[in-house]
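As structure tokens, the structure follows; a few thoughts come after it.
Values in this text are rule-based calculations from the coordinates and carry no lab data. Not measured: the values here are computed from a predicted model. Every residue, glycine among them, receives a Cβ derived from its backbone with ideal geometry; neighbour counts consider all protein chains shown.
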Amino acid sequence: MDEIFRPSPIILVALGIVALLAIIATFDDLGRKVIAPANNQQTTVTNATYPQEKKADSSSPDTMIRTIRGDTRSLSGKALTQWQNWRQQIETLAAQYPLTVYLGGPPGKKAIGLTFDDGPDQQNTPKILEILRQADVRATFFFLGSSAERYPDTVKKTASYGHLIGSHSFTHPRLSQSSTPTIAQEITKTDDILHRITGRRPALFRPPYGDANNTVIDELMKKDKYTIFWSFDTFDWQQKKAEEITAYLTEHVQPGDIILMHSAYNGKATVQALPKIIEILKNDGYEFYTVAEMLGVQGYRE
């Protein structure tokens, strides 16, 4: 009878180390388990210089914020009811599509994502870019294709500063009221423009007005997009005073929040509030990430 092979203790230890490294490799540096999107391509954090020493303190790496909050003090009656109904609808969508529709990030550590809609422009977007540069903060900008076409230099500057650029459609329509071909055109046309300017196609899409339904999400999935809403609405688009925005955000922000602000004509108060917001949150121990980094997904489709 042939002698039974018995591996040496050294071989057994080596095999154990390999198995442990394989387990560790399935988690990214924020402690989230790396998952694959609908097309089965593995997702990655986009920024190769992202600090590797940052570890998650969440007990559940797959947990994401699935609720929406906001400064609704200015709403009442029918307007408040409409907002509450919209919120319920979007939270339901996020629950139906947990791997492609996101409201917030993992709540286990003081990580937040600043996001800015409706740019670029020549007035407020450059000011926000300069504020972020001076504060050494990277953020996510959801740009309109029509505005990107008009202000390509601002788009290039946004990319060169290390910010993540997502799509916000071409004309800012209510997509739930649009035909499927129109939805597809809004996505594709903006992708083509941003690719022509930056050489990259965004993987993240934010529906204008936060308006979406199953038809919209299904079309976005066909286009290999992650749908990004928000977990915290500053309501800066109501032209609130900078002091109001700063106070409400810094008092109510939570770890893992994706924060909605604006960088175009509706971002004047945000420009005024942003330096103080960043200062207070940094002093409170918060760190700033792009949305792709927070979620552990690809920011672009090459």
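Things worth noting here:
- With neighbour counts taken as other beta-carbon atoms within 10 Å, the residues Thr180, Thr198 rank, fewest first, as Thr180, Thr198.
- Radius 12 Å from Cβ of Asp71, net charge of other residues (Lys, Arg +1; Asp, Glu -1): 0
- From least to most packed, judged by other beta carbons within 10 angstrom and beginning with the fewest, Trp86, Trp237 follow the order Trp86, Trp237.
- For segment 256-266, the Karplus equation 6.51 cos²θ - 1.76 cosθ + 1.60, evaluated at θ = phi - 60°, returns couplings of x, 5, 9, 9, 8, 9, 9, 10, 10, 4, 8 Hz by residue, with Gly and Pro reported as x.
- Spin-label pair Ala247-Lys156: with each label point 7 Å from Cα along the Cα-Cβ axis, the two points sit 4.3 nm from one another.
- Proportion of all alpha-carbon pairs of segment 69-301 beyond 28 Å (%): 24
- Set Lys127/Lys189; Lys127/Lys156; Lys241/Lys268; Lys127/Lys241 screened for pairs whose C-alpha atoms are more than 19 Å apart: Lys127/Lys189
- Each label point was placed 7 Å from the Cα along the Cα-to-Cβ direction; for Lys223 and Gln89 their separation is 1.9 nm.
- Footprinting exposure proxy ranking of Met221, Met64, fewest other C-beta atoms within 10 angstrom first, gives Met221, Met64.
- Cut-off under 5 Å, modelled amide H: who pairs with Gly104 long-range: Ile65
- Shape box of segment 138-227 [Cα atoms, principal axes, largest first, Å]: 35, 23, 21
- Charge tally around Tyr265: other residues with Cβ under 14 Å, Lys/Arg +1 each, Asp/Glu -1 each, net -1.
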